[in-house]
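Enquirer: Before I ask anything, let me first share the structure, which is written out below as structure tokens.
The values are calculated or read from the model by the stated rules, or taken from the named source; none is laboratory data. Bear in mind the structure is a predicted one, so any value in this text is a computation, not a measurement. Reconstructed Cβ throughout: ideal geometry from the backbone, glycine too, with neighbour counts over all protein chains shown. Heavy atoms of the whole protein, side chains included, go into the accessibility calculation; ligands, DNA and RNA do not. Shrake-Rupley method; radii C 1.70, N 1.55, O 1.52, S 1.80 Å.
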Amino acid sequence: MRVAGKGLNPNGAPVSFTFDGTSYTGREGDTLSAALLANGVRLMGRSFKYHRPRGVLTAGSEEPNALVTVGQGARQDPNIRATTQTLYDGLAARSQNAWPSLKYDAMAVNDLASPFLTAGFYYKTFMWPKAFWEKLYEPIIRHAAGLGALSGDAVEETYEKAFAFCDVLVIGAGPAGIMAALTAAQSGADVILVDEDTQMGGRLLAETAEIDGQSGPDWVAAQLGALAKMDNVRLMTRTTVTGAYDQGTFGALEQVSEQNAPLNTPRECFWRITAKRSILCAGALERPIAFPNNDRPGIMLASAVRAYLNRWGVAAGSAVTVFANNDDAHRTALDLIGAGVTVAAVIDSREDAQSLGDYPLFSGAQVIATKGRLGLKSITVQDARGTHEIETDCLAISGGWNPSVHLTCHMNGRPTWSDDILSFVPTDNSIPDMTVAGAARGNFSTLGCLEDGISVAKATVTSLDLKSPQIATPAAEDDPYSIQALWQVDGTGRKWLDFQNDVHVKDVKLAAQENFRSVEHMKRYTTQGMATDQGKNSNVVALAVLADATGRGIPETGTTTFRPPYVPVSIAAMGAGSQGHGFAPERHLTSHNASVDRNAPMVEVGLWYRASYFPKPSETTWLEACNREVNVVRNHVGVCDVSTLGKIDIQGADAAEFLDFVYCNTFSSLKENRVRYGLMLREDGHVMDDGTTARLGLNHYVMTTTTAAAGQIMKHLDWVRQALRPDLDVRFASVTEQWAQFAVAGPKSRELLNSILDEQIDNESWPFMACGDVGVAGVQGRLFRISFSGEHAYEIAVPARYGASLFGLLTTQAEAMEGGLYGLEALNVLRIEKGFITHAEIHGRVTAFDIGFDRMVSQKKDCIGNTMSRRGGLLDAEREQMIGLKPVENEHKLTAGAHLFVEGADAVSENDQGYVTSVCHSPTLGHDIGMGFLKDGPNRYGERVMLVDHVRNNHVLCEVCHPVFFDPEGGLARG
Amino acid sequence: MRLPCPICGERDRREFYYQGHATLLDRPAADADAGAWDDYVHNRDNPAGETRDLWHHEAGCGAWIVVTRNTVTHEVLGAVLAEKAKS
Ligand SMILES: [Zn+2]
């Protein structure tokens, strides 16, 4: 019910919204829970396990009960706390975990079966038989117990991530945080003040206490005005610090907009804030008392009742009762009476409690029962005189306050028990360079918070070598905190502790009885504190119950660990910017558009996109296109973009010596204007990568790497030069993207090149493995006579800005001489026919010996991997070594990944003789061919082995052969 | 987590590639015995406390650096260029 004239925004505009399809009107500035209470709606959800009807318990982000779903389809947002959802026109919220409706929830039968659903029930009952768990129990439990659901659609909304840096981060903008920020800012420090609420001020917005003669909200507004004028201060509202990490790093979630924002407006932003110092002013959270049926809609925390009244002008009931073990009871009653709301009774468990106003007081009394299934109707109070039933629709409860120590525990800190406030307080230095101030360390009076904020900030700026400013402490209440222990009330009926996970006192006692006495065991056995609210309201009470049940004190019992995040963080916010192209950007070749125009399917090669093949209209399968392209290269001339190969420009007086050290073979002996194939080993003697390196000048080389290993090799070269050979005068740079490079392969390759080169070439000037500068239509390029197909072939490179134009020119010229383009598929067939290796073969476990290149490992010099490559086990004849394979029957198909067995042997791992790495159909030979590794392979040419592919169910009898199928003498490439 | 690159200053950990312990700086002679090479390539301590690790400022200046840090407290105690470090 709205109370006229009350609240921070008494004349706010009306806002219409729906809850479970019913239309309501709220007020601008409301949260969803405030607007629902204003409309008399107390039932807001069903509990997780027993489907108990539940109302809102709190007015903040710690809310365990009032969880709703907002939005539809890809914009569906489940488990939104109604206490933090800002109301907007058209908001449509739905209740969760209830079917067919919130009022008539069929699964509430779980509540009747509750004697069987005690703590540890899942573990005990559903363990056997094992197969039943997956098929039967789990689906039933999952259906019955739950929170809101995701839509299953990919998120459409925008999420952001951002970084911020400051000298002093102040977390929480209540009285302590505001004074800390003012003090730090006046010293000249860069200050960030963050608060999770839409408005800064903390409890000052929810209480009637005055500061310096002003109302709390007015005083807050004045201080924020002063802070906002300072250039060295950043104020961040709706930003929850979710975690404290190493080196003064904090995660923080900013709620930027509501669900009705345009799709291009960020919904949330995940911040990483780096602070030299931090001051935690996170305040404290009120805790309930465990009494029978303390979970009915209408029973809520006293602090929440005051917040709804003072901040939003909402009376949570028309006849309110209050039950507490501390002065909050009276503060709440006085606020309500002051607003004209009826207070039916105040129940104070303390014997000596005195009435502070005109309300019926039951001192030394307890609430022992409640009535009202879908909403509170009455309570039963017991005191020395007997029991009294009191009609009430709202019971405000307070079992005391727990400092918000959570962030101080994120780096393994353990809080310390305080007998003064009957709760945990932060332990000093739990987080490096963080100090705690105000209610977060048990300083509960307003004046105490203001003073603490100032003094902690002064010490903080002094530690940063800044001058501590003079700042006066405002006048405010300094009432002592008076509390008497009351954790649970005797009486029949379940006394709820963890409202979100449906854990009650008996569950904790059962855990203790079954010897789950350690607090961490009790937590897991009962699920206490394991819900999305992490037990913010309930953990301390549950500990007290466990301590009592095990006959220990609370300090001995200890606490469970608070871990990040402090509030739930959506994966979309944490992963902001890392979806789609943010996760994997696309690298396009200069020939990309021309290839797409020719309908070439583009395939991913790392981040690169390469043309798979170039289909002709008449071709219906990729294989037809591939076979044609292979034949074009073998008989005429083909053009292929090979720019994805890594290119590293290496220069310096010691460039040759450097290459001799990173390659297992020798490059210092390479003549200028010549290219050599090189093999690189890892230090453990296995093959790292291969490629060709050209010597362009005395002290100038250009190395190529495989596409896949380009980044790794660059890192490796950096390592060798900086860490192992800093004595060498050599420098290098990746130039992969600076050069567009095209293979021109086939019998007519020289003819094609001569049609575009500024100066003609012949076999004398450009023999096999020659390289050098050439002019192409006036552009200076480079020409390498190398072949990855076995044909007479070249690679021509030009600066990347000329790549598209050269590709077009090469295509036109090739097609004029019966040639054409070829893609990755044909490239692969050409290299398998020729027995050239790729990373399918050099997959990390093979040695130079395994691929038949052991003689390349120089005996005359040290190089990376040289020593370890000579280990006996790496040169053993029984190792699997590279071979070629062909089917005995021409029409049989080979499959890569298959294993090799002696003919007739069982195809089991004990009999494994080797495996297949690459296969293709060779149009040149008219049958499938393959490459693979076989024990003692090179001595078994001509032998028959059985290829067995258990995955594809393929069994093919093969003949072992030399891996070079095409032109084994290499005459074509030289000719 | 941030690492102090001697060239670029304090930078976010995401810019760096982690290699392993600084043992790799002490490459044995080519003719050193098998034990020395085994230790160099394979064997590492797992200390609780101070350790020296190799990182590559891959998304930065390309420097290999030796970072001293504490595995218990997560403190980062300093960094030098691998080029100038002798472990
Ligand atoms: Zn750097």
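Enquirer: Which of the residues that make up region B:47-84 are more than 15 Å from the ligand (Cβ to nearest atom), assigned to a loop (DSSP other than H, G, I, E, B) and in contact (Cβ under 8 Å) with a residue 24 or more places away in the chain? It would help to see each step written out before you state the result.
Expert: Keep residues of region B:47-84 that are more than 15 Å from the ligand (Cβ to nearest atom), which gives B:47-53, B:68-75, B:77.
Then drop every residue that is not assigned to a loop (DSSP other than H, G, I, E, B), which leaves B:47-49, B:71-75.
Of everything in region B:47-84, those that are more than 15 Å from the ligand (Cβ to nearest atom), assigned to a loop (DSSP other than H, G, I, E, B) and in contact (Cβ under 8 Å) with a residue 24 or more places away in the chain turn out to be B:Pro47, B:Ala48, B:Thr71, B:Val72, B:His74.
Enquirer: Ok, one more. Scan A:Leu717, A:Leu752 and give me the residue that is in a helix (DSSP H, G or I) and more than 43 Å from the chain's Cα centre (by Cα). Give the steps one after another, and end with the answer.
Expert: Details: A:Leu717 fails: more than 43 Å from the chain's Cα centre (by Cα).
Answer to the selection: A:Leu752.
Enquirer: Considering only residues of region A:848-890 that are acidic (Asp, Glu) and over 20 Å from A:Val964 (Cα atoms), which is farthest from the other protein chains (Cβ to nearest Cβ)?
Expert: Taking region A:848-890 and keeping what is acidic (Asp, Glu), we get A:850, A:854, A:862, A:876, A:878, A:880, A:889.
Still in the running and over 20 Å from A:Val964 (Cα atoms): A:862, A:876, A:878.
Details: A:Asp862: 4, A:Asp876: 16, A:Glu878: 21 Å.
In this case the residue turns out to be A:Glu878.
Enquirer: While we're here: Determine the pairs where a residue that is of a type in the set (Lys, Arg), located within region A:149-172, has a partner that is assigned to a loop (DSSP other than H, G, I, E, B) and open to solvent by less than 80 Å² (accessible area, probe 1.4 Å) with Cβ atoms under 6 Å apart, the partner being 6 or more residues away or on another chain.
Expert: A:Lys161/A:Ala576; A:Lys161/A:Gly577
Enquirer: Enumerate the helices (runs of 4 or more DSSP H) found wholly within region A:535-583, keeping only those where 1 or more residues are among the polar types (S, T, N, Q).
Expert: Working: elements: A:539-550, A:554-557, A:571-574.
Per the criteria, A:539-550, A:554-557.
Enquirer: Output the number of residues of region B:60-87 satisfying the condition of being open to solvent by 10 Å² or more (accessible area, probe 1.4 Å) and more than 11 Å from chain A (Cβ to nearest Cβ).
Expert: Number satisfying all stated conditions: 7.
Enquirer: I need the full set of residues from region B:27-38 which are more than 8 Å from chain A (Cβ to nearest Cβ) and open to solvent by 80 Å² or more (accessible area, probe 1.4 Å), in order please.
Expert: Matches in region B:27-38: B:Asp33 only.
Enquirer: Okay, next question. Do any strands (runs of 3 or more DSSP E) lying entirely in region A:319-371 carry at least 2 residues that are under 47 Å from the mean Cα position of the chain (by Cα) and either closer than 15 Å to A:Met300 by Cβ or of a type in the set (Lys, Arg) (or both), and which ones are they? If you could, list the steps in order and put the result at the bottom.
Expert: Details: elements: A:319-324, A:342-348, A:361-363, A:366-371.
Fully inside region A:319-371 and qualifying: A:319-324, A:366-371.
Enquirer: Which condition number in (1) outside any strand (DSSP E or B); (2) open to solvent by 10 Å² or more (accessible area, probe 1.4 Å); (3) outside the structural domain of A:Tyr663 (by TED's automatic domain parsing) is the one that A:Val774 fails?
Expert: (1)
Enquirer: Based on this model, can you work out whether A:Leu407 counts as over 28 Å from A:Leu43 (Cβ atoms) and open to solvent by 20 Å² or more (accessible area, probe 1.4 Å)? Spell out how you get there, then give the answer.
Expert: Values: over 28 Å from A:Leu43 (Cβ atoms): yes; open to solvent by 20 Å² or more (accessible area, probe 1.4 Å): no.
Taking the combined requirement at face value, the residue does not satisfy it.
Enquirer: Moving to a separate point now. Report, by residue number, each residue of region A:479-498 that is open to solvent by less than 10 Å² (accessible area, probe 1.4 Å) and either in a loop (DSSP other than H, G, I, E, B) or farther than 24 Å from A:Glu62 by Cβ (or both). Before the answer, list the steps.
Expert: As a first pass, look at region A:479-498 and keep what is open to solvent by less than 10 Å² (accessible area, probe 1.4 Å): A:489, A:496-498.
Answer for region A:479-498, where residues must be open to solvent by less than 10 Å² (accessible area, probe 1.4 Å) and either in a loop (DSSP other than H, G, I, E, B) or farther than 24 Å from A:Glu62 by Cβ (or both): just A:Val489.
Enquirer: Whether any residue in region B:4-14 is touching a residue at least 40 places away in the same chain (Cβ under 8 Å), away from the ligand (no atom under 12 Å from the Cβ) and either more than 9 Å from every other protein chain (Cβ to nearest Cβ) or not in a loop (DSSP other than H, G, I, E, B) (or both) is what I want to check.
Expert: Here is the first cut: in region B:4-14, the ones touching a residue at least 40 places away in the same chain (Cβ under 8 Å) are B:4-8, B:11, B:14.
Then drop every residue that is not away from the ligand (no atom under 12 Å from the Cβ), which leaves B:14.
Checking the rest, the ones that are also either more than 9 Å from every other protein chain (Cβ to nearest Cβ) or not in a loop (DSSP other than H, G, I, E, B) (or both) come to B:14.
Checked against the condition, which is being touching a residue at least 40 places away in the same chain (Cβ under 8 Å), away from the ligand (no atom under 12 Å from the Cβ) and either more than 9 Å from every other protein chain (Cβ to nearest Cβ) or not in a loop (DSSP other than H, G, I, E, B) (or both), region B:4-14 yields at least one hit.
Enquirer: Further question on the same structure: Inside region B:40-55, can you point out the residues that are within 13 Å of another protein chain (Cβ to nearest Cβ) and open to solvent by 80 Å² or more (accessible area, probe 1.4 Å)?
Expert: Passing the criteria: only B:His42.
Enquirer: What are the residues in region A:182-231 that are open to solvent by 40 Å² or more (accessible area, probe 1.4 Å) and over 24 Å from A:Ala302 (Cα atoms), if any? Steps first, please.
Expert: Filtering region A:182-231 for residues open to solvent by 40 Å² or more (accessible area, probe 1.4 Å) gives A:186, A:188, A:190, A:196-199, A:203, A:208, A:210, A:212-215, A:218, A:221-222, A:226, A:228-231.
The answer is A:Gln186, A:Gly188, A:Asp190, A:Asp212, A:Gly213, A:Ala221, A:Ala222, A:Ala226, A:Ala228, A:Lys229, A:Met230, A:Asp231.
Here's the yes/no breakdown for (1) within 17 Å of the chain's Cα centre (by Cα); (2) assigned by TED's automatic domain parsing to the domain that holds A:Asp195; (3) surrounded by 19 or more Cβ atoms within 10 Å (Cβ to Cβ); (4) farther than 30 Å from A:Ser187 by Cα:
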| position | (1), (2), (3), (4) |
| --- | --- |
| A:Leu235 | no, yes, no, no |
| A:Thr239 | no, yes, yes, no |
| A:Asp246 | no, yes, no, no |
| A:Thr249 | yes, yes, no, no |
| A:Ala261 | no, yes, no, yes |
| A:Phe270 | yes, yes, yes, no |
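Enquirer: How many residues are open to solvent by 40 Å² or more (accessible area, probe 1.4 Å) and either touching a His at 6+ places or on another chain (Cβ under 7 Å) or not in a loop (DSSP other than H, G, I, E, B) (or both) when one looks only at region A:958-970?
Expert: Taking region A:958-970 first, the residues open to solvent by 40 Å² or more (accessible area, probe 1.4 Å) are A:959, A:962, A:968-969.
Okay, now just the ones that are also either touching a His at 6+ places or on another chain (Cβ under 7 Å) or not in a loop (DSSP other than H, G, I, E, B) (or both), so A:959, A:968.
Residues in region A:958-970 being open to solvent by 40 Å² or more (accessible area, probe 1.4 Å) and either touching a His at 6+ places or on another chain (Cβ under 7 Å) or not in a loop (DSSP other than H, G, I, E, B) (or both): 2 in total.
Enquirer: I would also like to ask the following. Within region A:687-700, is there a residue that is within 14 Å of chain B (Cβ to nearest Cβ) and not charged (D, E, K, R)? Let's see the steps before the verdict.
Expert: Within region A:687-700, the first condition is being within 14 Å of chain B (Cβ to nearest Cβ), and the residues that meet it are A:688.
Subsequent filtering for residues that are not charged (D, E, K, R) retains A:688.
Yes, region A:687-700 contains a residue that is within 14 Å of chain B (Cβ to nearest Cβ) and not charged (D, E, K, R).
Enquirer: Specify the residue that is farthest from B:Thr73 (Cα to Cα); the eligible residues are those in region B:15-34 that are within 16 Å of the ligand (Cβ to nearest atom) and among the hydroxyl-bearing types (Ser, Thr, Tyr).
Expert: Step one: of region B:15-34, the residues within 16 Å of the ligand (Cβ to nearest atom) are B:15-19.
From what's left, among the hydroxyl-bearing types (Ser, Thr, Tyr): B:17-18.
Values: B:Tyr17: 21, B:Tyr18: 19 Å.
That would be B:Tyr17.
Enquirer: Test each condition in (1) farther than 27 Å from A:His686 by Cβ; (2) more than 15 Å from the ligand (Cβ to nearest atom) for B:Trp37 and report the one that comes out false.
Expert: All conditions are met except number (1).
Enquirer: Any chance region A:936-943 includes a residue that's assigned to a strand (DSSP E or B), open to solvent by less than 10 Å² (accessible area, probe 1.4 Å) and not assigned by TED's automatic domain parsing to the domain that holds A:Arg634?
Expert: Kept after step one, since they are assigned to a strand (DSSP E or B), are these residues of region A:936-943: none.
Among the residues of region A:936-943, not one is assigned to a strand (DSSP E or B), open to solvent by less than 10 Å² (accessible area, probe 1.4 Å) and not assigned by TED's automatic domain parsing to the domain that holds A:Arg634, which makes the answer no.
Enquirer: For region A:289-307, name all the residues that are in a loop (DSSP other than H, G, I, E, B) and open to solvent by less than 10 Å² (accessible area, probe 1.4 Å). If you could, list the steps in order and put the result at the bottom.
Expert: Narrowing region A:289-307 to residues in a loop (DSSP other than H, G, I, E, B): A:289, A:291, A:293-298.
Correct list: A:Ile289, A:Phe291, A:Asn294, A:Asp295, A:Pro297, A:Gly298.
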